[in-house]
Amino acid sequence: QSGATFLNSIAEDSRFAQILDSAATSRILVAPIYHRGRLYGFVDMRDKAAGKPFDFADAESAREIADSTRL
């Protein structure tokens, strides 16, 4: 199991360009949700308020939300 990750621009990792384009965003933060050791879903955050970039505090918040999700 891994924590949250974020991209603030396509330039950070071009492998995700198509995903960002199809999501109509240039920034995304995701955190996996696991249930009984299996991937169940994601916390998906796109575009932070006021166009600010995501940071490690945002990733930690998303991880806490994912960890507290009750299935």
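The values are calculated or read from the model by the stated rules, or taken from the named source; none is laboratory data. All values reported here derive from a predicted model rather than from experimental measurement. Every residue, glycine as well, gets a Cβ built from its backbone with ideal geometry; the counts of neighbours run over all protein chains shown. The area values use the complete protein model at the heavy-atom level, side chains included, leaving out ligands, DNA and RNA. Shrake-Rupley method; radii C 1.70, N 1.55, O 1.52, S 1.80 Å.
So here's what we get for this one:
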{"quantity": "Value at 222 nm in deg cm²/dmol, rounded to 500, when DSSP H runs of n ≥ 4 in the chain each add -39,500 (n - 2.57)", "calculated": "-7500 deg cm²/dmol"}
{"quantity": "HN-Hα J in Hz across the range 16-24 - Karplus 6.51, -1.76, 1.60, θ = phi - 60°, x for Gly and Pro", "calculated": "9, 4, 5, 5, 5, 5, 5, 8, 6"}
{"quantity": "Charged-residue dipole, Cβ positions (Lys, Arg, Asp, Glu), the chain about Cα centre, Debye nearest 20", "calculated": "260"}
{"quantity": "The chain - accessible surface per residue (Å², probe 1.4 Å)", "calculated": "72"}
{"quantity": "The chain, accessible surface, carbon-and-sulfur percent (1.4 angstrom probe)", "calculated": "51"}
{"quantity": "Among F6, A57, H35 the positive-end extreme of the charge dipole of the chain (Cβ point charges)", "calculated": "H35"}
{"quantity": "Degrees separating the helix 56-68 axis from the principal Cα axis of the chain, which is the longest one", "calculated": "30"}
{"quantity": "Contact order normalised by residue count of the range 1-54, Cα under 8 Å, 6+ apart, percent", "calculated": "35"}
